[in-house]
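Inspection log for the structure reproduced underneath, given as structure tokens.
The values are calculated or read from the model by the stated rules, or taken from the named source; none is laboratory data. Being a predicted model, the structure only gives us computed values, none of them experimental. Don't worry about glycine lacking a Cβ; one is built from the backbone with ideal geometry, like all the others, and counts go over all protein chains shown.
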Amino acid sequence: MERSKPWDSDQITRDYFDSLLVEMRHIDAVIPSTKFELYGETFDTPVMMAALSHLNNIRENGMVEMARGAHAANAVNWVGMCDEAELEAITATGARTICIIKPYADNDYIFRRIEYAERCGVLAVGMDIDHAFGADGKYDVVLGEKMKPKSLPELREFIKSTKLPFIIKGVLSGQDAYKALEAGAKGIVVSHHHGIMSYAVPPLFILPQIAKVINQQIPVFVDCGIMSGMDVFKALALGADAVSVGRAVMEPLRNNGSEGVRDKIVKMTEELAGVMARTCSRDIRNIDPTVIRHRNGW
Ligand SMILES: Cc1cc2nc3c(=O)[nH]c(=O)nc-3n(C[C@H](O)[C@H](O)[C@H](O)COP(=O)(O)O)c2cc1C
């Protein structure tokens, strides 16, 4: 394959997915279950929506349509930057939603956002800690709002302020995984935020190391470049509890709204089940990591 942009983290991530091969194991195999339990609730699939935002340029009412699609597929919905009215409309669809709040410089504003998300009845809240800096090493400014990196004590305060599970999104090192645990996070998302930095390690490359640090104390989620049920399988096999899918649902959302989103989740879940069946994986908690082989190591 010609590598047109060797620095591009999305491309590196795709190459890494494609370097992972899968053994087949048929003896004693069963019809697999893709049921997924999270924070005391049961979903039909570990394929979740990514924390997206500003989908109105993809489709009118895009965020709400996405939530409807996730609800119809009994999948977990995530939402990123949005205003209060939008969050209310999203949760009103019935979709069990995780609300990711930006690392705003103004911590009081963050506390207010957490409180508002609680009132909307979300499943969990969290923060995309990887959106604090711009590429120039200065604090990022998103739609006029100033961001700031958060310290461990600050994260502890956010987490202590809510009864909801708090998820730290944008963990891409064992060190941050360890700090997330220290802070009291109830979940992490292994992610490079669709290539926010060049040459970022692929989430699946670092995932086994992070999963070892987390040691099943809290759920580990993964996103970035997941396009198919096979990609989902590889993530689960390497230590993820579930995955989030963003850009792969954009086209279905554009073309068919909530039905497109639902159909895409169902299709990816079926593809996942197909690989689980052929690897003797009875449910998503029982996928043997040794089925994964690294092409470069053969
Ligand atoms: C249009 C768009 C908007 C996004 N908005 C947010 C956001 O507000 N908060 C956030 O944490 N991540 C946001 N993300 C990042 C996604 O949650 C996800 O980390 C990233 O897209 C990688 O997943 P993917 O490759 O499946 O798209 C956004 C991504 C896209 C494409």
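Only one of ASP288, ASP241, ASP231, ASP263 is more than 30 Å from LYS5 (Cα to Cα), of a type outside the set (Phe, Trp, Tyr) and touching a helix residue (DSSP H, G or I) at 6+ places or on another chain (Cβ under 7 Å). Can you tell me which?
So the residue among ASP288, ASP241, ASP231, ASP263 that is more than 30 Å from LYS5 (Cα to Cα), of a type outside the set (Phe, Trp, Tyr) and touching a helix residue (DSSP H, G or I) at 6+ places or on another chain (Cβ under 7 Å) is ASP263.
For region 207-228, enumerate the residues that are touching a strand residue (DSSP E or B) at 6+ places or on another chain (Cβ under 8 Å) and assigned to a helix (DSSP H, G or I).
LEU207, ILE210, ALA211, ILE214 - these are the residues of region 207-228 that are touching a strand residue (DSSP E or B) at 6+ places or on another chain (Cβ under 8 Å) and assigned to a helix (DSSP H, G or I).
Looking at region 1-28, which of its residues are in a loop (DSSP other than H, G, I, E, B) and within 16 Å of the ligand (Cβ to nearest atom)?
LYS5, ASP8
Hey, does region 29-46 have a residue that's within 16 Å of the ligand (Cβ to nearest atom) and modelled with pLDDT under 95? Please lay out each step first, then the result.
The first filter runs over region 29-46 and keeps only residues within 16 Å of the ligand (Cβ to nearest atom), leaving 45-46.
Still in the list and also modelled with pLDDT under 95: none.
No: region 29-46 contains no residue that is within 16 Å of the ligand (Cβ to nearest atom) and modelled with pLDDT under 95.
Answer yes or no as to whether ILE218 is closer than 20 Å to THR97 by Cα, among the β-branched types (Val, Ile, Thr) and surrounded by fewer than 23 Cβ atoms within 10 Å (Cβ to Cβ).
yes
Here is a check on your reading of the model: is MET49 under 23 Å from VAL222 (Cβ atoms) and in contact with a strand residue (DSSP E or B) (Cβ under 6 Å, 6 or more places away or on another chain)?
yes
For ILE168, indicate whether it is within 16 Å of the ligand (Cβ to nearest atom), within 16 Å of GLY246 (Cβ to Cβ), in contact (Cβ under 8 Å) with a residue 24 or more places away in the chain and not charged (D, E, K, R).
No; evaluated as a whole, the condition is false for this residue.
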